[in-house]
Amino acid sequence: MFEPSRPWSLRRRLLGTALGVALLAWLVGGTVTVLAARDINARLRDSRLQQLAETVWAFADHELAEVKAEAQGNSLTVHTEKHGALDQRYHYQIWSAAGELVLRSPEAPDAPLVPTRGPGFHFVEHGGEQLRSFVMRPPPGELEIQVAEVLDTQGELLSMLHPGALLAIGLSLLAVGASAGWLVVRTLRPVSEVERELLARHPNDLRPLAVAEGPRELQPMLGALNRLLERTAARLSRERGFTAVAAHELRTPLAALRMQAQVASREADPERQSRQLGSLLASVDRCDHLLDQLLTLARLEHDDPALATTTLDLHKLFNELRTEMQPALERWGGTLVMEAEAPTLQARAFAVQTLLRNLIANAIAYGAPGGQVQVRSSREGAVTVLTVDDNGPGIPEADRERVFERYVRLDRRGPTSTGVGLGLSIVRAVAEEHGAQVQLQDSPLGGLRVRVSFPLVSSPDKAGPADSRARAP
């Protein structure tokens with residue numbers, strides 16, 4: 001079973017997205033800043049170590065002279081500086097070319113700070129501490145100077161987590177969140193305006209929506225909603241008119257039914273009562289026909305044309321109509337000729353069947369008894385044409401536009417006519433629904449020709465015979 005998705009808040013999603021992007025940007029920027037600061041700090045540290053080695057070499061002449069005087073040709077002895085002038089983080093050693101320790105700082109070990117004794121910068125470990133060292137061999141290469149600085153990684157991390165730094169981070173995130181929230185609320189204000197306007201409206205208020213300073217992205221939705229309101233207003237107007245006119249048209253035959261029933265009930269003469277009952281049945285038939293036409297028109301106006309559009313087999317449709325109209329043809333005593341030169345039509349099956357049924361019924365109702373009705377389908381360029389011809393009195397050219405109006409009936413009824421003035425209105429409704437054109441012309445049979453031109457919306461079906469004829473006596 002299909003379950004609707006849970007509703008979600010656009011405002012919250014936009015705010016969360018803005019905060020997430022801001023936090024990600026802060027993290028990336030902070031990481032890049034920390035890495036850049038560490039790189040700069042490492043370069044400064046290496047520069048200090050190199051300067052320290054040069055300083056130790058410059059000021060070690062006095063100590064080295066004392067060491068050489070004490071040795072007097074014997075092997076050098078290690079001399080430790082009594083009062084260290086350097087911070088305890090820094091150590092230095094001076095080694096002879098023979099690998100003997102000549103001079104060291106108070107905290108420096110007797111073992112080499114850099115066992116490999118390679119010149120340049122090194123990372124070494126001594127006494128559980130991480131050291132950054134620098135080895136220098138000044139010319140002529142008789143001595144080697146090793147200096148080192150104790151690395152305080154934990155101290156660097158704690159300095160980054162200083163309460164002041166954390167407070168600055170929190171305040172910046174709070175400022176970003178407040179700014180993002182204000183911007184999101186301000187940006188979505190037109191949506192809230194549309195919501196308030198729709199909630200405040202009466203159900204019958206179908207005026208177009210107007211939002212001040214609406215964003216460009218919201219305009220397509222507002223345009224579509226306004227077009228929907230226009231279509232709804234037009235349909236509601238048609239329904240109101242339909243209801244009013246239907247009530248008016250039904251009032252007269254219902255009153256006639258009541259009167260005829262009263263007259264028949266009081267009639268003592270059986271023959272005259274039989275005539276009154278015949279008139280009553282004719283009025284009932286007319287009411288039934290009116291209701292059928294009204295329901296058909298209502299269905300045509302309320303169905304969605306796009307849902308039922310299909311490729312119609314006109315051979316099959318013509319045969320179904322011939323069978324359906326057979327009782328009326330037998331009472332009329334005429335002939336129905338149906339030719340499908342164009343075998344298919346892209347349209348709604350119910351609508352086209354209703355159109356042809358009304359046109360054939362009109363042709364029978366207004367045609368001369370024993371006459372002929374011809375129905376043809378043909379292809380003319382980019383249109384499929386349906387024509388219905390009869391041998392009735394026709395319609396004067398001056399009245400051909402007026403007969404499409406609802407409940408308009410000309411004085412040309414035939415002996416079998418029970419019309420209510422809706423047949424051609426239904427034909428026009430079907431044509432407008434399909435983008436087709438309806439024309440009333442003079443028929444070669446001497447009566448009226450109704451021509452309906454449907455535009456081609458798909459490739460014509462090439463299967464099936466080019467011509468089909470069905471005759472009913």
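The values are calculated or read from the model by the stated rules, or taken from the named source; none is laboratory data. Everything numeric in this text was worked out from a predicted model, so none of it was measured. In this analysis, Cβ positions are derived from the backbone assuming ideal geometry, glycine residues included, and neighbour counts consider all displayed protein chains.
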Arg286 vs. criteria surrounded by 14 or more Cβ atoms within 10 Å (Cβ to Cβ), among the basic types (Lys, Arg), assigned to a helix (DSSP H, G or I) and modelled with pLDDT under 75: yes
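Just the residues that are outside any loop (DSSP other than H, G, I, E, B) and at pLDDT 90 or above, please, taken from the range 381-415. Spell out the reasoning first.
Initial filter on the range 381-415 (outside any loop (DSSP other than H, G, I, E, B)): 383-389, 397-399, 402-404.
Of everything in the range 381-415, those that are outside any loop (DSSP other than H, G, I, E, B) and at pLDDT 90 or above turn out to be Val383, Thr384, Val385, Leu386, Thr387, Val388, Asp389.
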field: Check on Arg451, modelled with pLDDT of 90 or more and within 48 Å of the chain's Cα centre (by Cα)
entry: yes
- line: Taking the range 306-355 and keeping only residues that are β-branched (Val, Ile, Thr) and in a helix (DSSP H, G or I), one is left with Thr323, Val352, Thr354
- prompt: Mind checking whether some residue in the range 151-169 is within 20 Å of Leu52 (Cβ to Cβ) and modelled with pLDDT of 75 or more?
  reply: yes
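Which residue out of His62, His83 is assigned to a loop (DSSP other than H, G, I, E, B) and modelled with pLDDT under 80? Write out each step before concluding.
Details: His62 fails: assigned to a loop (DSSP other than H, G, I, E, B).
Answer to the check: His83.
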- prompt: So Val34 fits all but one of (1) at pLDDT 80 or above; (2) among the β-branched types (Val, Ile, Thr); (3) surrounded by 12 or more Cβ atoms within 10 Å (Cβ to Cβ); what number is the exception?
  reply: (1)
query: Do we have Gly20 as over 24 Å from Phe121 (Cα atoms), at pLDDT 80 or above and not β-branched (Val, Ile, Thr) here?
result: yes
statement: Scanning the range 96-121 for residues that are assigned to a strand (DSSP E or B) and either acidic (Asp, Glu) or at pLDDT 85 or above (or both), the one surrounded by the fewest Cβ atoms within 10 Å (Cβ to Cβ) turns out to be Gly120
- request: For Ala268, indicate whether it is more than 24 Å from Leu236 (Cβ to Cβ), loosely packed, with under 12 Cβ neighbours inside 10 Å, modelled with pLDDT of 65 or more and not aromatic (Phe, Trp, Tyr).
  value: yes
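Can you say whether Thr418 is under 24 Å from Asp313 (Cβ atoms) and either at pLDDT below 90 or assigned to a strand (DSSP E or B) (or both), as far as the supplied structure shows? Lay out the reasoning, then the answer.
Values: under 24 Å from Asp313 (Cβ atoms): no; either at pLDDT below 90 or assigned to a strand (DSSP E or B) (or both): yes.
No, not satisfied.
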